[in-house]
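For reference, the structure is listed below as structure tokens.
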Amino acid sequence: MLPQKLIAEAIGTFALIFAGVLAITNDAGLLGVAFAHGLAIAVMAMALGTVSGGQFNPAVSIGLSLTGNQDWRTTAAFIPAQLVGAALGAFAALATVGEAKLSAVGYGVANPGAGISVGGAFLMEVILTAFLVLVVVKVAIHQRSVMGGLIVGLTIVVDILAGGPISGAAMNPARSFGPALVSGDWANHWIYWLAPIIGAALGAFIAEFTEGLRPKTVPPLKN
């Protein structure tokens, strides 16, 4: 495994956590927080996608391996790099704004929203991650779109707008890991590993299934 790939995954995940947590700290509102996360992924994917694929998410990496789009050896190497990047991003946010300001917003830890059950938050994370990985596989892998990073980023914006107040809309175990490590709040952390992995598997398999249904290009008739 080339170290450049691992560094790229760590940097991209660092940017996601750093920008996302600080947007929450800066009271950017739901729309601002959604765009901070989505644009962080979009710009990092466009910048580093040619190095590592720009996954920045253990659930995405697992989903790709489950459907044969990435070997498990690569995924096993990527996940620790993503978690290191997430931890560094969270600690950098802490160092930037200080304990008091970060603790005032719960360190940016993803948790079920007020009045939302654990089951409701779990289901939301499954659905949102399924949407995300479906788009990743269809756009970035099957279509190999040059705009893939931007489209994936916009999917994150949509997901956070829909699910942010319900589950935190993490869709990414690394997104939950960094803030949890800084805060020591592991109460609902299991949700943000298990639900995204299930959602990633669902989204990846749906993407592969629908790819098989796509009409084939018919060659022109010869005179």
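The values are calculated or read from the model by the stated rules, or taken from the named source; none is laboratory data. Here the structure is a predicted model, which is why all the values come from computation and not from measurement. Cβ coordinates were reconstructed from backbone atoms using ideal geometry, including for glycine residues, and neighbour counts include every protein chain displayed. Surface accessibility is based on the protein's heavy atoms, side chains included, excluding ligands, DNA and RNA. Shrake-Rupley method; radii C 1.70, N 1.55, O 1.52, S 1.80 Å.
Tabulated data
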quantity	calculated
Qualifying residue in region 170-183 (condition: crowded, with 16+ Cβ neighbours inside 10 Å, part of a loop (DSSP other than H, G, I, E, B), touching a residue at least 60 places away in the same chain (Cβ under 8 Å) and at positive phi)	yes
Within region 78-129, tally of residues that are of a type in the set (S, T, N, Q) and free of Cβ contacts under 8 Å to residues at least 12 places away in the same chain	1
Count of residues meeting criterion [aliphatic (A, V, I, L, M) and open to solvent by 50 Å² or more (accessible area, probe 1.4 Å)] in region 198-212	3
Complete set of residues in region 111-126 that are in a helix (DSSP H, G or I), surrounded by fewer than 21 Cβ atoms within 10 Å (Cβ to Cβ) and of a type in the set (V, I, T)	V118
Whichever residue in region 3-43 is assigned to a helix (DSSP H, G or I) and polar (S, T, N, Q) and, among such residues, is surrounded by the most Cβ atoms within 10 Å (Cβ to Cβ)	T13
Among (1) in a helix (DSSP H, G or I); (2) over 28 Å from T96 (Cα atoms) - the single one P165 does not satisfy	(2)
Residues satisfying the stated conditions in region 185-206, i.e. among the small types (G, A, S) and either under 17 Å from the mean Cα position of the chain (by Cα) or at pLDDT 95 or above (or both)	A195, G199, A200, A201, G203, A204
Residue within region 53-61 that is farther than 29 Å from E211 by Cα and either without any contact (Cβ under 8 Å) to a residue 24 or more places away in the chain or part of a helix (DSSP H, G or I) (or both) present	no
Residue match in region 89-104 (condition: open to solvent by 30 Å² or more (accessible area, probe 1.4 Å), within 22 Å of A195 (Cα to Cα), in a helix (DSSP H, G or I) and out of contact with any Leu (no Cβ under 9 Å at 6 or more places or on another chain))	no
Options V133, V152; residue that is in a helix (DSSP H, G or I) and open to solvent by less than 10 Å² (accessible area, probe 1.4 Å)	V133
Subset of region 163-186 [of a type in the set (G, A, S) and in contact with a Leu (Cβ under 7 Å, 6 or more places away or on another chain)]	G163, G164, A169, A174
